[in-house]
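Trainee: One structure, as structure tokens, below. Some questions next.
The values are calculated or read from the model by the stated rules, or taken from the named source; none is laboratory data. No experiment lies behind these values; they were computed from the predicted model shown. Heads up, the Cβs are rebuilt from the backbone with ideal geometry, glycines too, and the neighbour counts pull from every protein chain shown. With ligands, DNA and RNA removed, areas are computed over all heavy atoms of the protein, side chains included. Shrake-Rupley method; radii C 1.70, N 1.55, O 1.52, S 1.80 Å.
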Amino acid sequence: MSEAKIEAWLEEDREFAPSEAFSAQANAQPSIYDEAAKDPVAWWREQANRVTWDVAPTSTLEWELPNAKWFADGMLNASVSCVDVHVREGRGDRVAFNWVADAEGESRVITYHELYREVCRTANALIELGVKKGDRIAVYMPMIPEAVFAMLAIVRLGAIHSVVFGGFSADALASRILDSDCRFVVTADGAFRRGAATPLKPAVDEALKSCPDVSAVLVVKRTDGAVDWVEGRDHWWHDIVERQSASHEPESFPAETPLFIMYTSGTTAKPKGIFHTTGGYLTQAATTYYYVFDVKPETDVCWTAADIGWITGHSYIVYGPLINGVTQIMYEGLPDSGGRDRWWKIISHYKATILYTAPTTIRTLMKWGHQIPEGYDLSSLRLLGTVGEPINPEAWMWYRKNIGGSRCPIVDTWWQTETGAILCSPLPGITATKPGAAMRALPGISVAVVDDAGNEVGNNSGGYLVVTAPWPSMTRGIWGDPDRFMSTYWARFPGKYFAGDGAKLDAEGDLWLLGRVDDVMNISGHRLSTTEVEHALVGHHAVAEAAVVGASDDTTGQAIVAFVTLKLSADDADKDQAALIEELRAHVASVISPIAKPRQIILTPELPKTRSGKIMRRLLRDVAENRSLGDVTTLTDPTVVNMIAGLMDTSATAED
Ligand code: PRX
């Protein structure tokens, strides 16, 4: 959102105070901020009691920048906190997941007791396949319950999952498998999207051609499609998991045992393997879920409408909700699988109470019209959340009125793959919310907005968001690359964690996020680096050079615009430009993922460069967003940008 828009909004001075009825019942009471601020580390130690420990920690924080250890002498098993404890304490009959398939009418109910049995069976199957403590295992799955069984079974054995979003290409999967040396893959033959079966296993087969060390692939049969099979390497889930014993004695691991790796885009072409460890991560995932979503495990029906392949799925479908023992909805399909009213059908059928989704989805639902949700009884909802990108006030207001019936508090939660759990958000029942603002840091968390020199800015000023004290679920690093960890996050402002986001404090000191300040783009809440897309483009034989920028987009937040110069070969000379552009878009989709497809590709004879030869992306961003051009005097040839702006005006914008 632009600063001008925020200003305009603030002038309207709109603020929504919590209702007294909500406040009276809220998990978080106003004293929580002071209690945590008195001694944040001690406060987090208290919160760690939400997790089930075999040996309770006596140590709290050991901090030697950038390396943190939380609760290091504690011993636990992550899957016990999520599953066993509920069965042991008599909550086994509670529904853990109402799983809803892409196809209407297909669903599954999984109680905590069944979840326990499935996790144990899967763990026993993984042992049979040779999985040992510390092994890395890639999980490349659709949104089916087996994805959760696999994740929990992996961590039950002290192994480390690396979930790769099912929309990623074979190349992207291979590079992630190789980077963390995964020896096993859990996948499915295919997935359903809007009623159609799409294959998944061929991408695994393709990826594994360059990953010779993968010894076993466990495959869930989800569709009727035929699959290629490598004898000895590939194993059907139903052959090997279903015959296992439904109990498994969990081992205890030290709190700092790695739990998972999640790859995310940085500013270079190579994604970073952000890794998290057990005790601190679980503590903060559980605590934030409890307070920010105000969950009442006996009565709530919670729906985090995210994919398991992203950090939101890890922290707020798997670990946070399961530790709290809540009942959830897990949905396989798209918002319009079976019709544009699908979400509202699901919410009214299951009487969902809490909905957590991304601004880009809210904007899509908004485009489809308020008449659609109006046809359904959404009165069960009592709290709404958003995550992934700044939410524009219009979408916030639409969400509040049309989905939340003007009665549900909205929590705009700011966090990252690296932070592991929410760091900034209103607390429902306490914070008066402003549409589009993440408001303030949670209890136990210290953030600041600083200027270029690292000094804190005052109210009514903007700068960079930094975190000024360690927190339990902070990433413990980039897998195999401690130097990059230090230089990316800890070098820009000494002593502080640099998040890469611009932020602003309003007149009352409340926090507004302004989007990334680096070369990371945020497309429909998915992180992609400009360099990653540029590399994919340059990998095409017709491309000489490419410059990629993220331009504002009404639905997806940002969209990819690529400026490309060609080295035309004889083959391509005959192609018309539109065909070549389509070929380049398809090429990017196959190298990275369909989410990385540029919205627009501008073929240009030249790119604007400084005299030292650097491409001026800032100017290209101005061109892509149709803004007046900034300073062009440092360019070798200032006329190039005007020429590109002319090309931009006449170029087509892709719809998909
Ligand atoms: O730019 C911020 C944006 O998403 C980035 C983190 O992306 P990722 O690691 O993929 O995690 C997304 C889900 C937690 C941040 O650097 N972001 C996330 N939430 C918000 C946000 N921007 C503004 N407001 C938010 N609530």
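Trainee: So the check is Cβ under 6 Å with 6+ separation or different chains; which pairs have a first residue in region 500-518 that's more than 14 Å from Val450 (Cα to Cα) and open to solvent by less than 10 Å² (accessible area, probe 1.4 Å) and a second one that's near the ligand (Cβ under 9 Å from one of its atoms) and modelled with pLDDT under 95?
Mentor: Correct list of pairs: empty, since none qualify.
Trainee: Would you check if there is a residue in region 413-421 being touching a residue at least 12 places away in the same chain (Cβ under 8 Å), aliphatic (A, V, I, L, M) and within 13 Å of the ligand (Cβ to nearest atom)?
Mentor: So far as region 413-421 goes, yes, one or more of its residues are touching a residue at least 12 places away in the same chain (Cβ under 8 Å), aliphatic (A, V, I, L, M) and within 13 Å of the ligand (Cβ to nearest atom).
Trainee: Here's another thing I want to ask about it. Out of region 589-610, which residues are out of contact with any strand residue (DSSP E or B) (no Cβ under 8 Å at 6 or more places or on another chain) and either over 22 Å from Arg176 (Cα atoms) or open to solvent by less than 10 Å² (accessible area, probe 1.4 Å) (or both)?
Mentor: Within region 589-610, just Ser593 meets the criteria.
Trainee: Scanning region 450-485 for residues that are more than 23 Å from the chain's Cα centre (by Cα) and part of a strand (DSSP E or B), which turns out farthest from the ligand (Cβ to nearest atom)?
Mentor: Of everything passing the filter in region 450-485, Glu456 is farthest from the ligand (Cβ to nearest atom).
Trainee: Shifting gears a bit: Going through Ala358, Ala352 one at a time, which residue ends up being at negative phi and within 16 Å of the ligand (Cβ to nearest atom)?
Mentor: Ala358
Trainee: Kindly indicate whether any position in region 488-504 is away from the ligand (no atom under 16 Å from the Cβ), within 23 Å of Glu389 (Cα to Cα) and modelled with pLDDT under 95.
Mentor: Checked against the condition, which is being away from the ligand (no atom under 16 Å from the Cβ), within 23 Å of Glu389 (Cα to Cα) and modelled with pLDDT under 95, region 488-504 yields no hits at all.
Trainee: With the structure loaded, tell me whether Ala123 is closer than 21 Å to Ala286 by Cβ and among the small types (Gly, Ala, Ser) or whether it fails that test.
Mentor: The answer is no for Ala123.
Trainee: Among the residues of region 456-476, is any open to solvent by 30 Å² or more (accessible area, probe 1.4 Å), in contact with a Lys or Arg (Cβ under 7 Å, 6 or more places away or on another chain) and modelled with pLDDT of 95 or more?
Mentor: Looking for residues that are open to solvent by 30 Å² or more (accessible area, probe 1.4 Å), in contact with a Lys or Arg (Cβ under 7 Å, 6 or more places away or on another chain) and modelled with pLDDT of 95 or more, one finds at least one in region 456-476, hence yes.
Trainee: Output the strands (runs of 3 or more DSSP E) that fall wholly within region 305-423 and possess 2 or more residues being hydrophobic (A, V, I, L, M, F, W, C) and open to solvent by 10 Å² or more (accessible area, probe 1.4 Å), or say none.
Mentor: none
Trainee: Here is a check on your reading of the model: is Thr431 in a loop (DSSP other than H, G, I, E, B), within 16 Å of the ligand (Cβ to nearest atom), open to solvent by less than 50 Å² (accessible area, probe 1.4 Å) and β-branched (Val, Ile, Thr)?
Mentor: Yes; evaluated as a whole, the condition is true for this residue.
Trainee: Among residues belonging to region 507-560 that are acidic (Asp, Glu) and assigned to a strand (DSSP E or B), point out the one that is farthest from the ligand (Cβ to nearest atom).
Mentor: Glu545
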